[in-house]
Each structure stands twice: as structure tokens, then as C-alpha cells.
Amino acid sequence: MEFKKREISLAVAAAMGALTLAAVIASPMATAAKAAGKYVAGDIHNHTTCSDGAISMQKLIKKSTDKTETPWGLDWFVQAGHGGNGNRNCSLVEDATLETPAYPYVVGKGPTTTWANSIGADKLKGDGGGVGGSGNMWRWQSIQEVQYQVVEHLNSLKDLPIFLGLESVVAGHEHTSMSVIAGQVPAAGDAATPLNVPGYTPLGGYVASGNATALAQWSYCFDRGDTDTSRGNIKGSSVGNNWNCAVPGSLNEGDVSWNSTAQKLIPAGGTGTGNKGHNKTVEAMKWMKAYHANGSYYIPTHLERAGPFNADGNNGFNIEHLRNFNNAAPTVAFGFETQPGHGASANRGEYQPNRNNFGGTAGLVDSVGGTTYGGTGVYGSVVGGVWDAMLGEGRNYWFLASSDWHNRGSFGPDDRRSTQDFYPGEYQRNYTMVRSSTGAKLTPQQIVDGMRTGNNFVSSGQLIDRLAFVACASYPGPGARSNATVEALALAAATNNADIDAANCATMGEKLVVRPGAEIVVTIVARDPEGANFSPYTFPNPSLKQIGLDQPLNKPVLDHIDVIRGLVTGYKTPGAADYSGEWPRNTNWLRTDGTTADLSVVPAGAKNTSASIIKTFSGAAANWTPVATADGTFLKMTYRIPAVSASQYVRLRGTNLPAAVPYETDANGNPLADLYTNAGDTTKLRIPCTTVGTVLTGDAINGCPAHLATAGVGSPIAGQKAVSYDVAAWSDLWFYSNPIYIQVNGSTQVAGVQ
């Protein structure tokens, strides 16, 4: 897209305090020289009819990667449905437009056709699914024998890096986006001609050169939804995989939860379910580290949704669980999806008060934080909260997002309106630095390597689509750096959609090691794309209309960037009082009037009180410089941090909303709870949508659509159409960068990053 925007602010500022010397902890990451790379957009969490999605794998991948019919097409894609089992065959296509010779359209048999009515019940493996069973196929079989073959075929056919992952149903918790990429899309298979050449006789399937057996085994061994005890075999036989889920150096058969028939841990339910399940999940981390340390990832998803951790159930994640995962496998458990999908749902992200029934005396428990905040969960959105606590230890723990695509809610999958989900890439996306030789096709390994580095930023609604965030050391005399030299590095990186590679400089996910007293030159260059984004709505943003701004929903303008910094004090000790901490429940955090408590009610282990917004650049206060290029206008800014004496980090966030937008942002520009735009409780709706349209279908909807919720009795706008569903999401946009660490010699080591 081309971009043309009013001048906006980009800046970084920080005034750093002293820090007590902390113990040095060995880094888990290996040093590697930088190779050429570029930022590419992708998605890691989405669904088809093989789990609980609405469309076939072929349709989802077309919608997510096509750049013509759906202009939001992604550069890479991981198809990752739920673990457990399912009864529908997602390899069948909806119509002839989606067929390939390898997967032809079969009249009367689309992607909602059951396995029994497509391949036959006798082909279902494992326990309980086949003849006389439920008719469901275990996810391990679906991954190994059906879904992987589709993604490898489309990888070759589309010449794009497409591979397979899983949204695991987590023992002791809720859900996690993960993958084991071993065996997937080998070089030989990637170079093969896809089965779509004239004269090819359709086989009704694709004979793959690679495999997803490692991922299938992980699903069998560690997914809570997989209660199969067959060891990955044909029912009642030893024919098949004969998997053993033992983890090197662990108890395995000595564990009370070990099932000798299944050769895996199957924790008992009831009292202690959560604790036993968490132990199994830590074993999963150890397995991944032992066998696929650099070929796997484990990223808790919408991790605030199911509430805090429940020792007697399977609910959410507290900070100690994230620490346990990262400690067990730092090259695998390196981040979280705290910006969830389901952005157009009645309750944004499907977060809501009283969502989860813990039973007993606990009863109904909110999603952690009650709602999202500008579409981001409380763990990532609250400055000084859980994410800052992880970063304050110097961990490699990164911010990621996903679509969590299932369906359009009230609308068909080809409609641009939604009351549930956005397609992968349509609304929010991960921009990941991925390194490869010029012109070479990216591989799953390179994409996973890129995510692991933390050189990644997330943007919703195409608020920005380029970002160079750079910190360089400057010393008196010959070691001095001018603003202009660092700006030149950052501008070149942003305009080329590339990275910096300069001595004594760092970018997102990296650390800059300096001597005490160094001056840090921080430069940001961003592109706020001109023209329309991927929203179908052309009428003015109702949230901004409250404050007299007339800005089309499909042409958002970056309003301000917050610069956030925190000090690094080192890793917490497991078992210590400040290692664990549950975020305050229910109205102890989000009150019924929509206000929130502050960090004083958050336990020490779940916060970093040194983190704060150091500077906000916005409007008339902006001192950035626009730079016109053939690729659009870029905005650059430099700030110098003087005389650093303590290890620290700097990160960014930005939005299209000014400070003090009613029901959207507070006086400091922080996102407010999305309570007032969630249709789940219409009495709370507060922002009217009043623009009357003449075109209400298609790709240019110029007035408030009919599907918006009507404010209920008790709302000051009762009876009026209100900002809700997809309009709420397109009204309220944010981007987040991952941090740059600054390690000062003699201060705390940033142990999680080489």
C-alpha cells in the first residue's frame, strides 16, 4: 500500500536510575553473526473444520495468503487447529475454485463431511474413534496423515512457507500455540513440482516428501485433549507408531500420573488437577528441549481468557507458570499471545467478567483483567504488569499476536463484516525478522528462528507496517556517534524492510552491552501507511468523532507512540516469595464501573514497578522528521539517553487514539478496558455510531452497519446503535514492539539474550 499521513510523533526518551548489582546467570541463547533478512508478516493460530473452524484448509490458506482477491495476504502461514480430536475432514474443499489435481472437488462432499463418510470409520486409528467408536479422528492421526500433506502441497503450489502447528489444549491450563517443525517441508520436497501439472491423474491426496510425525507425537504425548492410549497405533494392535513419551532425565514411569499402556502421563482429575497438569506441561517443554530445541516453539495463547491458574482445574496461567516454561526450555517457550484473536467478537478476544466457573467457593471468575485493553490482554497492556515483570528479569520473552480465526459469526466466510473473527493477516499480524539468502524461499526453520530472536513487532489494523527501532552506544571522543549516523542506519533499514548490522548497536530482541556512563542513541523510523487499510468501513471512526475528529475507519492515522522502559534486576528464584503471583481476581482489578485498580494490588512477583511511560510523542509536541521516499513517507526520530549506569530495556507501543478519548484511553493515553464496546453486556455500551450509510454491503461500507449492537436499558445511549463487534476493533488500533535490552557492565546481566 502507498501511504500519506498527517505529521505524527515518534520518539524515545528515558532517564535511567541506578540498580544494585545482581547475580550473573548464564545465557541460554547462542551467538550468531547476522545474515541478511527482512520483516515478513505471518500468523500462527487459526482453525479449519478439522477442529472447530468453518472452512477447509485450502480455503483458509487461500484467504490468508492470497494478495489479489484478499489483499491482506500473508508472507508465511502456520495452520494450527485445536489438539484432541475432530469428526470433519478439512482436506475436502467447498467448491471447484479451490481444487487442485491432488485435492479435487468432490460433489456433495465438502469440508464438513465426517471422516466416517469420507475415508470410512475403519480408517480411524487409536482408541475410541473407529468402528463402534465416536467417529472422531485423533489429532495426531489428522496431523500425520491428512493435514500435513495438504500444507506441504500448498507450500509447493503457492511457493510460500506454509507449515503445520497446533493450538494445544494444555494440561493444567487452557491453550497454547505451538509447533514441532522437524520433518516438515524438507529441501527436497520444497523443490519438487507440485501435483498440478497437465496430465497428472488425481490421486485424491498428496504423497508428501516430508512429515509432521514429530508434531503428531507431541500431540499424542502432551495434549490434554488426547486421551488416546494406543501409542499412535491401529486400534488394539502394535501396528503403527508405538510412541513412548518418556522425557530424558525425568521420572516418567516413576510418576504417579504415568500410564503404562499409553506410555505417557495422564494426570487424574479432581483435587490437584491443575498442579498435576502443569507438571505434565513442563515435561512437554523438557521433551521439546531435549529433542527439538531449535525446531519448536511454545506460546501460550489468549492466556488471560480462562482466568488465573486453578490448582483444581484446567484454566489460566499465572506468571510463575510462564517462568517455569521459560526456565525449562528457553529456546522453545520464548513468548506469549497476549494480544488475542477473536477481535470482532461480542466480547473482544472472548474475554469477559464471570467467564469461567471454577466451582466450589470460587464460583464464577473473570478472565484475568476482566476484558482486553485496546484489544490486548492485561498481562501485556498494563505498563509494569506481567510482561514487564518478565522483561525486568532479562528474559527472552516476546510479545506476539494471532487471528484465532474460526468464522465470521453472523456472516458467511466471504463477507467482509464480522461478529466474531478476522482472517489471518486481515486485522493483526506479526512482523518477524527472518533471515535467508536473497531471493530464496523462506523455510519453516528460518521463520521459527526469527520468532525466537524477538526481532518482531505486532500491529493491528495496519496502523504501521514498517518499523526500525535501534539503539547505539556513544562515547566521548572517537567513539562518539551523531544522531545523523544512527538515523541513517535506521532509515536504511526501514525503507528496505530490513535490519541493522552495525557495531555497538542493537534492535528488538537484542541487547546492547555498554560501559557505565555511555550515552545511548535511540532512533525510531516507522511507516504509517497512507491510503486505505483492510477495513471495509469508510465512515468516520465513531470513537474519534466523540472528540471532533473526522477520520475514516479504513484510513487510520498514528496518533502517538509511548516509550516504555524498565530496569533489569535478574531472574527470580523458583520458590521465592517474588517468583509467583496471581493477578487480582474479579472486581479486585476491574470494577463494575469500568475503572481499574493500580499496581499496588498486584503481588510483587507479577509486576515491575520500575517500568513506566518515559515519554509520549504526539500532535504538536512531535519533533520527528518526515522523509519522503519512493516507498512512501517514513517518520524518523532520535532521542539520546545520557550516562547509563544500570541495565534496562526500552520498548514501544502506539495507537490511533489520542489520550482522553472517552471510554477508549485515559488521560495518559493508556488503553481503557474494552468493557464499553463489548456487546456481551449492552448496558455498558457507551459510544454511539450515528453515520447513516447508503452502501451497506461489499468492500466500501459507508455507514454504521445493521449488525452493531443496540445499547441496552441503563446505558446513557440506550436504544442507539453502538460501537461494538468489528467496528469496535477497527476503531481502536495498537502496535507493540519487542524490547531492546541495554546491559551496563558491572550491573545486572541480561541473561536471557546473548
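The values are calculated or read from the model by the stated rules, or taken from the named source; none is laboratory data. Since the model is a prediction, treat every value here as computed from it, not as a measurement. Cβ sites come from the backbone with ideal geometry, for glycine too, and all protein chains shown count toward neighbours.
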Odd one out for residue 355 among (1) surrounded by fewer than 23 Cβ atoms within 10 Å (Cβ to Cβ); (2) under 17 Å from the mean Cα position of the chain (by Cα): (2)
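Only residues that are among the small types (Gly, Ala, Ser), free of Cβ contacts under 8 Å to residues at least 24 places away in the same chain and in a loop (DSSP other than H, G, I, E, B): list them for region 550-607, please. If you could, list the steps in order and put the result at the bottom.
Quick first cut of region 550-607, residues among the small types (Gly, Ala, Ser) only: 566, 570, 575-577, 580-581, 594, 597, 600, 604-606.
Of the ones still in play, those that are also free of Cβ contacts under 8 Å to residues at least 24 places away in the same chain are 575-576, 597, 600.
Hits for region 550-607 are 575, 576, 597.
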Selection status of residue 342, crowded, with 21+ Cβ neighbours inside 10 Å, modelled with pLDDT of 95 or more and at positive phi: yes
Any chance residue 216 is crowded, with 22+ Cβ neighbours inside 10 Å, small (Gly, Ala, Ser) and modelled with pLDDT of 95 or more: yes
Search result, residues across region 637-677 that are among the hydroxyl-bearing types (Ser, Thr, Tyr) and modelled with pLDDT under 95: 638, 639
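Only one of 363, 269, 313 is under 19 Å from residue 222 (Cα atoms), of a type outside the set (A, V, I, L, M) and without any contact (Cβ under 8 Å) to a residue 24 or more places away in the chain. Can you tell me which?
Working: 363 fails: under 19 Å from residue 222 (Cα atoms); 313 fails: without any contact (Cβ under 8 Å) to a residue 24 or more places away in the chain.
Answer to the selection: 269.
Looking only at strands (runs of 3 or more DSSP E) that lie completely in region 409-494, which have at least 1 residues being touching a residue at least 12 places away in the same chain (Cβ under 8 Å) and small (Gly, Ala, Ser)?
Output list reads 456-460, 466-474.
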Residue list for region 104-139, restricted to those being in contact with a strand residue (DSSP E or B) (Cβ under 7 Å, 6 or more places away or on another chain) and at positive phi: 126, 135
Residue among 297, 291 that alone is part of a helix (DSSP H, G or I), modelled with pLDDT of 95 or more and among the aromatic types (Phe, Trp, Tyr): 291
Selection count, region 545-581, where residues are within 22 Å of residue 652 (Cβ to Cβ) and aliphatic (A, V, I, L, M): 7
Residues (more than 22 Å from residue 512 (Cβ to Cβ), of a type in the set (Gly, Ala, Ser) and out of contact with any helix residue (DSSP H, G or I) (no Cβ under 6 Å at 6 or more places or on another chain)) located in region 725-747: 729
Enumerated strands (runs of 3 or more DSSP E) restricted to region 636-754, each holding at least 3 residues that are farther than 23 Å from residue 560 by Cα: 740-744
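Looking only at region 147-154, decide whether some residue is touching an Asp or Glu at 6+ places or on another chain (Cβ under 8 Å) and not β-branched (Val, Ile, Thr).
Quick first cut of region 147-154, residues touching an Asp or Glu at 6+ places or on another chain (Cβ under 8 Å) only: none.
No: region 147-154 contains no residue that is touching an Asp or Glu at 6+ places or on another chain (Cβ under 8 Å) and not β-branched (Val, Ile, Thr).
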Residue under evaluation residue 288, criteria (1) over 23 Å from residue 588 (Cβ atoms); (2) aliphatic (A, V, I, L, M); (3) surrounded by fewer than 21 Cβ atoms within 10 Å (Cβ to Cβ), criterion not met: (3)
Test for residue 369: is it in a loop (DSSP other than H, G, I, E, B) and either touching a residue at least 40 places away in the same chain (Cβ under 8 Å) or aliphatic (A, V, I, L, M) (or both): yes
Odd one out for residue 633, checked against (1) more than 21 Å from residue 393 (Cα to Cα); (2) among the β-branched types (Val, Ile, Thr); (3) surrounded by fewer than 17 Cβ atoms within 10 Å (Cβ to Cβ): (3)
Filtered residues of region 85-109 (kept if in a loop (DSSP other than H, G, I, E, B) and crowded, with 21+ Cβ neighbours inside 10 Å): 89, 90, 91, 92, 93, 102
